[in-house]
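The values are calculated or read from the model by the stated rules, or taken from the named source; none is laboratory data. All of these numbers come straight from a predicted model, not from anything done at the bench. Virtual Cβ from ideal backbone geometry, glycine too; neighbours counted across all protein chains shown. These accessible areas exclude ligands, DNA and RNA; they are computed on the full protein's heavy atoms, side chains included. Shrake-Rupley method; radii C 1.70, N 1.55, O 1.52, S 1.80 Å.
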Amino acid sequence: MNQTVKHLVDPNDFTVEEINQVIDLGLKIHSNPAQYARLCEGKILGTLFYEPSTRTRLSFESAMLRLGGQVLGFSDANTSAVKKGESLADTVRVLDDYCDALVMRHPMEGAPKLASEYSTVPVINGGDGGHQHPTQTLTDLISIKYYKGHISNLKIAICGDLLFGRTVHSLLKTLSRFENITFYLISPPELKIPKHLKDYLLDTYDVSISEFTDLEDCIEEADILYMTRIQKERFLNEEEYMRLKDSYILTRDKLSEAKSDLMVLHPLPRVNEIHYDVDRDPRAKYFEQAAFGVYVRMALISILLEVADHA
Amino acid sequence: MLKVTGIQKGIVIDHIAKGNGIKIFEKLNLAKVNYPVVLLINVSSQKLGQKDIIKIQDNVDIDFTMLGLIDPKATVNIIEDEKIVSKMSLEIPKEVTGLFQCKNPRCVTSVDDYAVPKFTRVENGKIQYRCNYCEELTEYKL
């Protein structure tokens, strides 16, 4: 294992200070992207997507191209040597010679960590099963910082599939390290956050967690409402998914109880958990959030490739 | 009364809780070794009522992590020239590598031979380990 290489496979791989550095650089890039357009000239980002992705993969590709770098990789494991039975460790040990950094999405939980143990270049976790998705969290945090001006003293309601939603797990794990954070977790009883994660957060951080089954019970208190999709692909039982898929549908009516400066976020894609009529509400920020994903990933790539100071 | 003589050189694992002797014997693969091994079960003990004992002749290289996991209250005596030259007390290991599987079927360690299951003990009063890959908690059971 190369211990000198910096990876982002778990939110805790970055300190709060390092997370703030990424976000602040992302905001600088957002305000003046031209200044950073040649930062990664001559560098290659490898994209190893063993599972389908639209936003994460394309936002990483866009980020690298906007930095003047190039990308190569695969978006379907069936078209790679994996199909022939190649192990993850072997794939990584070859591709780290072809690229300057690797971003990986994988259905198995912990796969990016395994990759990082064999890679000589930075590995970025682009989502591993129902486990973690740290770069979505960076996207969430840069959006919060941009619109709220700070990432502390916030009441955050997170609604939907909290069991399988990896974006939720990373967001909880990261925000718990910021000051004075209160979580309202809204889910059907079957989709509560994993017990091991809840115990870890409460044992490790000074954080408040309240759980609800009805969104109406806490929406008026929230500064941020983070809606999530029920993760169909993680269910072993189709009937169970059909029963739970419409557990929460946010409408403009429901938002009438919420604060006027509430931010509604969603990692996307949405299915039907946010009604289209919410899109016209000024509190809906999920498309702006998706746009910030490119800027914060530009910042992350620049920092991991140690070129951020060259702009 | 059954009598088992002492050993010249090796290890005596004493104060094994009744019933754990055979489990340690199996987990340490002692049935397959080519040096003498004695497993005593249901031996009278002032401390435990009954206990198990394992004596291993000519070898001191055994997996103490595994031993601590199975029976942290057992004691280990290292023998040379028929005398105890050192006594070791065991403890439940903080880090465990490759001794059991993660319970999460979606964990990378369940499908990839390169991913040897690694765990860190969680201080919650139970013998539970957090997977270093997927973070799921696995309770160690024989």
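Being closer than 28 Å to A:Phe287 by Cβ, of a type in the set (S, T, N, Q) and either open to solvent by 60 Å² or more (accessible area, probe 1.4 Å) or modelled with pLDDT of 95 or more (or both) holds for only one residue in A:Ser31, A:Ser53, and it is A:Ser31. Considering the range A:189-206, the residues that are open to solvent by 80 Å² or more (accessible area, probe 1.4 Å) and away from chain B (no Cβ under 12 Å) include one that is farthest from A:Met227 (Cα to Cα), namely A:Asp206. For the range A:124-144, does any single residue satisfy the condition of being more than 14 Å from chain B (Cβ to nearest Cβ) and either more than 24 Å from A:Ala63 (Cβ to Cβ) or open to solvent by 30 Å² or more (accessible area, probe 1.4 Å) (or both)? Looking through the range A:124-144, none of the residues is more than 14 Å from chain B (Cβ to nearest Cβ) and either more than 24 Å from A:Ala63 (Cβ to Cβ) or open to solvent by 30 Å² or more (accessible area, probe 1.4 Å) (or both). Within the range A:101-111, being open to solvent by less than 10 Å² (accessible area, probe 1.4 Å), touching a residue at least 24 places away in the same chain (Cβ under 8 Å) and within 12 Å of chain B (Cβ to nearest Cβ) holds for A:Met104, A:Ala111.
Does any residue of the range B:93-105 turn out to be surrounded by 14 or more Cβ atoms within 10 Å (Cβ to Cβ), within 14 Å of another protein chain (Cβ to nearest Cβ), modelled with pLDDT of 95 or more and farther than 15 Å from B:Tyr129 by Cβ? The answer is no, given that none of the residues of the range B:93-105 is surrounded by 14 or more Cβ atoms within 10 Å (Cβ to Cβ), within 14 Å of another protein chain (Cβ to nearest Cβ), modelled with pLDDT of 95 or more and farther than 15 Å from B:Tyr129 by Cβ. Which condition breaks for B:Asp63 when tested against (1) open to solvent by less than 40 Å² (accessible area, probe 1.4 Å); (2) more than 14 Å from chain A (Cβ to nearest Cβ)? (1) is the only condition that B:Asp63 fails. Restricting the search to the range B:122-142, which residues are more than 7 Å from chain A (Cβ to nearest Cβ) and in contact with an Asp or Glu (Cβ under 6 Å, 6 or more places away or on another chain)? Matches in the range B:122-142: B:Gln128 only.
Restricting A:Leu154, A:Leu114, A:Leu88 to residues that are among the hydrophobic types (A, V, I, L, M, F, W, C), surrounded by fewer than 22 Cβ atoms within 10 Å (Cβ to Cβ) and either within 12 Å of chain B (Cβ to nearest Cβ) or more than 16 Å from the chain's Cα centre (by Cα) (or both) narrows the list to A:Leu154. Applying the criterion of at least 3 residues that are over 30 Å from A:Leu45 (Cα atoms) to the helices (runs of 4 or more DSSP H) found wholly in the range A:122-235 leaves A:195-204.
A:Arg105 meets all of the listed conditions (1) more than 13 Å from the chain's Cα centre (by Cα); (2) of a type in the set (Lys, Arg); (3) closer than 16 Å to A:Arg297 by Cβ but one, namely (1). Taking the numbered list (1) surrounded by 13 or more Cβ atoms within 10 Å (Cβ to Cβ); (2) out of contact with any Leu (no Cβ under 6 Å at 6 or more places or on another chain); (3) more than 22 Å from A:Leu236 (Cβ to Cβ) in turn, B:Gln128 passes all entries but (2).
Quick check: anything in the range B:73-92 surrounded by fewer than 17 Cβ atoms within 10 Å (Cβ to Cβ), closer than 27 Å to A:Asp203 by Cα and of a type in the set (Lys, Arg)? No; the residues of the range B:73-92 include none that is surrounded by fewer than 17 Cβ atoms within 10 Å (Cβ to Cβ), closer than 27 Å to A:Asp203 by Cα and of a type in the set (Lys, Arg).
Checked against the criterion of being touching a residue at least 60 places away in the same chain (Cβ under 8 Å) and either among the polar types (S, T, N, Q) or open to solvent by less than 30 Å² (accessible area, probe 1.4 Å) (or both), the candidates A:Phe178, A:Phe183 yield just one match: A:Phe178.
Can you tell me which residues in the range B:61-106 are in contact with a His (Cβ under 7 Å, 6 or more places away or on another chain) and among the charged types (D, E, K, R)?
B:Lys73
Might you check whether a residue that is among the aromatic types (Phe, Trp, Tyr) and modelled with pLDDT of 95 or more occurs anywhere in the range A:68-76? For the range A:68-76, residues among the aromatic types (Phe, Trp, Tyr) and modelled with pLDDT of 95 or more: absent. Picking from residues in the range B:3-57 that are free of Cβ contacts under 8 Å to residues at least 12 places away in the same chain and in a loop (DSSP other than H, G, I, E, B), the one that is surrounded by the fewest Cβ atoms within 10 Å (Cβ to Cβ) is B:Lys3.
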